[in-house]
Amino acid sequence: MCTLHNQLYTALVLLTPSPIPTAPSEQTFRSRDSPSKSLPLPTLSDPAEVDLTVVIPAYNETARLPSMLSSTLAHLRSLPAKKQNRTYELLIVDDGSSDDTAKLSLRLADENPDANIRVVELTRNRGKGGAVRHGMLHSRGRRMLMVDADGASNFEDLELLWDAMDAMEREQGQRGELKANGDAKKPNGNANGSAAKRTSPDEDVAAVVVGSRAHLVKTEAVVKRSLLRNILMYGLHTLLRLVNVGHIRDTQCGFKLFSRRAAAHIFPAQHLATWIFDVELLLLAKQLGIAVCEVPVGWHEVAGSKLNVVRDSLQMLRDLLVLRGNQLTGRWKVQPMERKR
């Protein structure tokens, strides 16, 4: 038994990926205002400067990115008056593309002078999870949305995620005020017995809202998929229930909104850069006690997917085992999140 345990542990060590690297040049960006000279990126430890950062991982996306960016900006520009003051940035992370994705992104930034578009180039292909992580770690938003470059998700459904996070923020705020009022009445509370004031929204709130396609399972959008792809999808869902994220019906939808505080605790602890990274993010949120809400969103199949169903499904299975193995053995630990007072 001891020998088997040692063999399994050795296999786990050998299969575990190295920490996701960051080259000095990857900590810079270019934009419409600075297309040639690279400027330093901020970090999550810096104060938020805009309301929303849209993180777009892009690998060889010259064909699909223009349409996706067009629909994204169309929505952000058409917000009703009460939301027109929402400030935003688009952070395109070129994941080591071999085409002209970065060059195209800068051209699109130049064609949309009213949009705050930043372009980051990774020196080599890290994988979608690595590109998303990099973008999140260098975002300026109070809230950060990860969205695929293919435009498969209906971007206007951002408002559904936004409203859900508003509701979570109010709920957490009410709990915080009740606790503050209770603490203030204690002997060691505030001298005047008043409740402690909360800071600005999203600085205190740790929340994640995930877009979900689960409601589409029996619709044409999914039924038209190949039998093999649907079988593998149901198999993955079964495995996810076994590893304790069965409470989320759709872990893989590339449309997720994070509060800045949630992102600051989740993404530094992320280890996987491959397709299964979504599961790791949700497991980290669960470990940290961060609230997660699932919201149905519109979605449609877009040609040009880089997912190889068989190969990547086997890789996801391997990475899922590596993920849980490292968490259960304590090799991958997460720092507990301090509770705001």
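The values are calculated or read from the model by the stated rules, or taken from the named source; none is laboratory data. Since this is a predicted model, take the numbers as computed values, not measurements. Methodologically, a virtual Cβ is constructed for each residue, glycine included, from the backbone with ideal geometry; neighbour enumeration extends over all protein chains shown. To get the accessible areas, we keep the full protein, side chains included, count just its heavy atoms, and leave off ligands, DNA and RNA. Shrake-Rupley method; radii C 1.70, N 1.55, O 1.52, S 1.80 Å.
Of the conditions (1) modelled with pLDDT of 95 or more; (2) within 18 Å of Asp148 (Cβ to Cβ); (3) in a helix (DSSP H, G or I); (4) open to solvent by 10 Å² or more (accessible area, probe 1.4 Å), Phe267 clears all except one; give me its number. It fails just one condition, (4).
Listed here are the residues, each with its yes/no results for (1) within 26 Å of Glu49 (Cα to Cα); (2) of a type in the set (Lys, Arg).
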| residue | (1), (2) |
| --- | --- |
| Arg260 | yes, yes |
| Pro268 | yes, no |
| Ala273 | no, no |
| Glu294 | no, no |
| Glu301 | no, no |
| Val310 | no, no |
| Leu317 | no, no |
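Residues of segment 97-140 that are on the phi < 0 side of the Ramachandran plot, assigned to a loop (DSSP other than H, G, I, E, B) and in contact with a helix residue (DSSP H, G or I) (Cβ under 8 Å, 6 or more places away or on another chain): Asn112, Asp114, Ala115, Leu122, Thr123, Arg126, His138, Ser139.
For segment 285-341, the tally of residues that are under 21 Å from the mean Cα position of the chain (by Cα) and either closer than 19 Å to Val147 by Cα or among the basic types (Lys, Arg) (or both) stands at 18.
Between Arg331, Arg260, Arg318, the distinction of being open to solvent by less than 40 Å² (accessible area, probe 1.4 Å) and in contact (Cβ under 8 Å) with a residue 60 or more places away in the chain belongs to Arg260 only.
Only a single item in (1) open to solvent by less than 30 Å² (accessible area, probe 1.4 Å); (2) free of Cβ contacts under 8 Å to residues at least 40 places away in the same chain is not met by Val297, and it is number (2). So is Val334 modelled with pLDDT under 95 and either not in a helix (DSSP H, G or I) or not aliphatic (A, V, I, L, M) (or both) or not? So Val334 passes the test. Filtering segment 270-279 to residues that are open to solvent by less than 10 Å² (accessible area, probe 1.4 Å) and under 16 Å from Arg126 (Cα atoms) leaves Gln270, Leu272, Ile276, Phe277, Asp278. So, in segment 129-154, of the ones that are open to solvent by 10 Å² or more (accessible area, probe 1.4 Å) and farther than 22 Å from Ile276 by Cα, which residue ends up modelled with the lowest pLDDT? So the residue we want is Asn154. Scanning segment 4-26 for residues that are farther than 28 Å from Asn326 by Cα and touching a residue at least 40 places away in the same chain (Cβ under 8 Å) returns a single hit, Ser25. Reported count of residues in segment 1-59, each being of a type in the set (Phe, Trp, Tyr) and closer than 18 Å to Leu328 by Cα, is 1. Sub-7 Å Cβ pairs linking a first residue in segment 77-96 that is basic (Lys, Arg) and modelled with pLDDT of 90 or more to a second residue that is assigned to a loop (DSSP other than H, G, I, E, B) and surrounded by 14 or more Cβ atoms within 10 Å (Cβ to Cβ), at least 6 apart or interchain, are Arg86/Leu79, ordered by first then second residue.
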